[in-house]
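One structure below.
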Amino acid sequence: VVAFFQPKALAGKRVVVTAGPTFEALDPIRGITNHSSGKMGFAIARAAREAGAEVTLVAGPVSLRTPRGVLRIDVKSARDMLAATQAETPQADVFVATAAVADWRPATRADQKIKKDGSGEAPTVAFTENPDILATVAKTERARSGDLFCVGFAAESHDLVKHAKAKRERKGIPLLVGNIGPLTFGQDDNQMLLVDADGVVELPRASKLVLARQLVAEIARRLKP
Ligand code: CTP
Ligand code: CA
C-alpha cells in the first residue's frame, strides 16, 4: 500500500489573528464601537488551524464560538488589543489583522456614569487617536525582514482598488484584502480583493469560510521558505 501525504500548508507555523470590533469606554455604562461581527476573523482562525497552524485569536467583543483548537484572548479596547497582539507576534510567522479597530477613543473616561444635568445641553466628547495595531506590528524588524508575514483588511465605501493599494503601501504590508461592497457586516458571505506588490486579484463571492481557506492558501504560498 502506498500512502500519499499532502503536508498541511501551515504545519509548524504560528498565526495571530485580530477580530471583531473594539469598544472604547466613555463612562462605566457607555462607549463607542465599530460595526463588526468578527465572522471573517474567526473563519480565518479556523482555516489557519485546519491548515496545521498554531493559532491565537485576539478578539474584541463578539458573540461567536471559539474555533476548535484555537487559543482565544478576549479584549475590549484598541490599547488592550495592541498589548495582547504585541505579546503574541514576536513568536508568530503570520499576523492577520481583521479587527475593526476604533480609530479614536474618548480622551477621558469618566469614573461614574455621566448624568443628564437637566439643562438640555449635550456633553461634548473629545477624542484621542488610537494606536494602529497593524502598522505598529508591520514596522517591527521581524515583519520588515519577512519573518512575520502581515496581512491587512480594508472595508471602503468607495474607490476600493485605489484606497486598498494606497493603504497597503501606507501600512507597509505585503498583502491587503479589500472587502467588496458595504453589505458584508454580519453576513455569512463576502467577496474579496487581494492586493499585493504584483497587483490585484479578485476572489469571487463565497462563504466567509471558503474565502478564509483560499486566503490561508494564498498566505501559505507567500511565506519565506
Ligand atoms: N487597523 C489596526 N489598528 C487600527 C486601525 C486599523 O490594526 N487602529 C488595521 C485593521 O485591522 C485593518 C487595517 O488596519 O487590517 C485597515 O484598517 P482601516 O480601518 O481600513 O484603515 P485605517 O488605517 O484606520 O484608515 P481609515 O479607517 O481612515 O480608512
Ligand atoms: Ca480605521
>> Need one number: nm distance between label points at Lys8 and Ala217, each 7 Å from Cα along Cα→Cβ, rounded to one decimal.
In response: 1.7 nm
> Out of Thr66, Thr22, Thr85, any idea which swings most in a Gaussian network model of the chain, alpha carbons joined below 10 Å?
Replying inline: Thr66
>> I need the per residue convex hull volume for segment 80-225, using only the alpha carbons, in cubic angstrom as a whole number.
In response: 159 Å³
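Please sort by residue number the GluC sites (Glu not before Pro) in segment 111-207 whose DSSP state is loop and whose Cβ has at most 14 other Cβ atoms within 10 Å. Spell out each step's value before the answer.
Working: sites: Glu121, Glu129, Glu141, Glu156, Glu169, Glu202; in loops: Glu121, Glu156.
Passing both the DSSP loop test and the Cβ count: Glu121.
Return the tail of the calculated pair distribution for segment 2-144, meaning the percent of Cα-Cα pairs more than 28 Å apart. It would help to have the intermediate numbers written out before the result.
Numbers: 2986 of 10153 pairs.
Summing the P(r) tail past 28 Å for segment 2-144 gives 29 percent.
So if we plug the beta-carbon distance of Gln187 and Gln86 into 1/(1 + (r/R0)^6) with R0 = 35 Å, what FRET efficiency do we get, rounded to 0.05?
About 0.70, to the nearest 0.05.
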> Of the residues Ile32, Ile133, Ile114, which exhibits the maximal mean-square fluctuation in a Gaussian network model of the chain defined by a 10 Å Cα contact cut-off?
Replying inline: Ile114
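Summing Lys, Arg as +1 and Asp, Glu as -1, what charge do residues with Cβ under 13 Å from the Cβ of Val70 carry, Val70 excluded?
Details: positive: Arg14, Arg46, Arg49, Arg65, Arg68, Arg72; negative: Glu50, Glu54, Asp74, Glu88.
Net charge in that neighbourhood comes out at +2.
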> Given springs between every Cα pair under 10 Å in a Gaussian network model of the chain, which of Val16, Val94, Val161 has the largest fluctuation?
Replying inline: Val161
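Readers should treat all values here as calculations from the given coordinates under stated rules, not as data from a laboratory. Quantities reported herein were computed from a predicted structural model and do not represent experimental measurements. In this analysis, Cβ positions are derived from the backbone assuming ideal geometry, glycine residues included, and neighbour counts consider all displayed protein chains.
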